[in-house]
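Here's the structure we're looking at; comments come further down.
Throughout, read-outs are computed from the coordinates displayed, never taken from laboratory work. Every value quoted in this text rests on a predicted model; they were computed, and no experiment measured them. Because the Cβ atoms are built from the backbone with ideal geometry, glycine has one as well, and the counts that use them run over all protein chains shown.
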Amino acid sequence: MKSIQIGILGCGTVGSGVVKLIQENGDLLQQRLGGRVVIRRIADVDIHRRRNVEVDPTLLTTDATAVLEDPEIDIIVELIGGCDVALRFCREALNRKKHLVTANKALLATHGLELYRTAAAQRVSIGFEASVCGGIPLIRAMKDGLVADRVRSIIGIVNGTCNYILTTMTESKRPFAEVLAEAQAHGYAEANPSFDVDGIDSAHKLQILATLAFGAYVPFDRIHVEGIRQIDASDIEYARELGYRIKLLAIAKQRNGELEARVHPALIPEDNLLAAVGGVHNAVYVVGDAVGSLMFYGRGAGQMPTASAVVSDIAEIARGLLHDPTARGVPPPPISDAEAKIKDMASVRSCYYLRIMAIDKPGVLSRVTGILGSNNISLVSVIQKGREEQSAVPIVMMTHEAVEGDMQRSLLAIDQLDVVDRPTMCLRVEGVTD
């Protein structure tokens, strides 16, 4: 019976899940692949750590180099995370003509082009299904399923931590800090949640998706990124009253030869499919010119969903090697050397939600609307929430579609008014037409 030998770098949560899945479903894999997937070596910084799976101690080593240099290993599975050490190991694996599987979204978002080029030069495969949306088979859909389509847009909820926080804030009407602490207590958020709540994790995933979908490399530093720390419980409630939900969205849209690439919280209509995505789940809405609209939904993280995606990459490469050893597995995605033309954020058009905390006195509303009007921004609706003379009260506004640069100039002027008590909350609106 033919076999494919794999070496695993990192045996923490996801690595243990990969071992567990191969052990428990090894016979199923053999049946579907026509050969066995065999774990030959596992490198981990702590070979004595407690795991939820029994690992043969003879497979474990603290020496990653021993795994990389093993001539019997066909596929290296990188699950250590981070960029510095992981990049060095991934480079070495590819340069040794070993196929590579990784779940490392940060690495791919910042060094992916180098790794894709190296894989192509060495004629080996690189699989990264687990880098975006956990167990949802989204990468393979972008790479293979939509190969005949021109993708028009991608709009998705790709971070379960933020979605859990916003969902809980919506349902319980509690503040951000309190819900974040709860998410950390349940293990849905890291002790240092910055990558999640500041939008960086979502931007990493958007970079990978957009690069695949639009056929040109998207520089990570060109993605506009905002997080959810500033979202107030009152904004969630006002949005609900207006028929919207607030979600952290990863957005890529191609228009007139330019690509919008942005991550930020936004209002979406409550009847939009994405509005119903709750808890730690992820969902991505893709529009192609031939296939039309598609929705991908499921668990975006977690040990076993992510392990499932990792093993799917191992299986795809193994199938090629088992049935045609002269072929070097599955070719890496053909990423153009040209960079995508990214649209400047100041030129992006959107509808907007504004919450202005202004002193309750005559003439305030006309001063605010005057500033908006002078910047070509017109209003759909205005709601003044409560009355308390000479105290700051919220004025909630919804605008027609406007240019981002015009809105930012308006906000600067509005916040300088002597009747405005604090910085204006401004959120973009997605999923509507003017």
Towards the positive end of the charge dipole of the range 139-299, with charges on Cβ (+1 Lys, Arg; -1 Asp, Glu), say which of 234, 294, 250 has the farthest Cα.
294
Please compute the modelled spin-label separation between residue 2 and residue 366, points set 7 Å along Cα→Cβ, answer in nm with one decimal.
8.2
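Stretched out fully, how many nm does the piece from residue 28 to residue 65 gain, at 0.36 nm a residue minus the Cα gap?
10.2 nm
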If amide H atoms are modeled at 1.01 Å from N in the peptide plane, then the residues at a separation of 5 or more from residue 380, or on another chain, having amide H under 5 Å from its own are 398, 399, 400
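Please compute the volume of the convex hull spanned by the alpha-carbon atoms of the range 139-299 and report it per residue in Å³. Don't skip to the end; give the middle numbers.
Numbers: hull volume 17.9 nm³, N = 161.
That works out to 111 Å³ per residue.
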With point charges of +1 on the Cβ of Lys and Arg and -1 on the Cβ of Asp and Glu, referenced to the Cα centre of the range 345-429, which listed residue (419, 377, 356) lies farthest in the positive direction of the dipole?
377
Quick one: if the Förster radius is 30 Å, what FRET efficiency do residue 185 and residue 233 give, using the C-beta to C-beta distance and rounding to 0.05?
0.95
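Please arrange 172, 308 by how many other C-beta atoms lie within 10 Å of their C-beta, fewest to most.
On the way: 172 12, 308 21.
Ordered from fewest to most neighbouring Cβ atoms within 10 Å, 172, 308 come out as 172, 308.
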Kirkwood Rh for the range 345-429 from C-alpha pairs, in Å, is 12.8
If you take the beta carbon distance between residue 178 and residue 48 as r and set R0 to 56 Å, what does 1/(1 + (r/R0)^6) give as a FRET efficiency, to the nearest 0.05?
0.90
How many nm is it between the label spots at residue 97 and residue 392, if each spot is 7 Å from the Cα in line with the beta carbon?
6.7
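Looking at the range 151-213, which trypsin sites (Lys or Arg not before Pro) are DSSP coil and have at most 15 other C-beta atoms within 10 Å of their C-beta?
On the way: sites: 152, 173, 205; in loops: 173.
Answer by residue number: 173.
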Which angle between 0 and 90 degrees, to the nearest 10, do you get for helix 105-122 versus the longest principal axis of the chain when only C-alpha atoms count?
40
Quick check: Cα centre of the range 60-85 to Cα centre of the range 212-244, how many Å?
36
If one builds a Gaussian network model of the chain from Cα atoms under 10 Å apart, the most fluctuating residue listed among 346, 64, 266 is 346
Calculated from backbone phi, Karplus (6.51, -1.76, 1.60) coupling profile of the range 209-221 in Hz, x at Gly/Pro:
5, 5, 4, 5, 5, 9, x, 9, 6, 9, x, 4, 6
Projected label distance in nm at residue 84 and residue 290, using a 7 Å step from Cα toward the beta-carbon:
4.6
Would you please give the residues with an amide H less than 5 Å from that of residue 218, counting only those at least 5 places away or on a separate chain, with H modeled from the backbone geometry?
211, 340
Could you work out how much longer the chain between residue 341 and residue 273 gets when fully extended? Use 0.36 nm per residue separation minus the Cα distance between them, nm to one decimal.
21.5 nm
Give me the distance between the Cα centres of the range 268-292 and the range 129-192, rounded to whole Å.
12
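Between rounded, prolate and oblate, where does the chain land on the alpha carbon gyration tensor, with a ≥ b ≥ c its root eigenvalues, rounded for a/c under 1.5, else prolate if a/b exceeds b/c? Walk me through the intermediate numbers first.
Details: a/c = 2.67, a/b = 2.02, b/c = 1.32.
It comes out prolate by the Cα gyration axes.
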Do the alpha carbons of any pairs in 20/105; 247/341; 98/341; 97/143; 105/343; 98/253 sit beyond 28 Å of each other, and which pairs?
98/341; 98/253
Hand me the trypsin sites (Lys or Arg not before Pro) from the range 46-102 located in a DSSP loop with no more than 14 other Cβ atoms within 10 Å, in residue order please.
49, 50, 97
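Give me the percent of DSSP beta bridges within the chain that run antiparallel, rounded to the nearest 5. Please report the intermediate quantities before stating the final value.
Numbers: 50 of 77 bridges.
If we restrict to bridges inside the chain, about 65 percent are antiparallel.
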Chymotrypsin sites (Phe, Trp or Tyr not before Pro) restricted to DSSP loop in the range 147-229 with at most 16 other C-beta within 10 Å:
none
Take the Cβ-Cβ distance between residue 384 and residue 408 as r, set R0 to 22 Å, and report the resulting FRET efficiency rounded to the nearest 0.05.
0.40
In degrees rounded to 10, the 0-90 angle between helix 404-415 Cα long axis and the longest Cα principal axis of the chain is 50
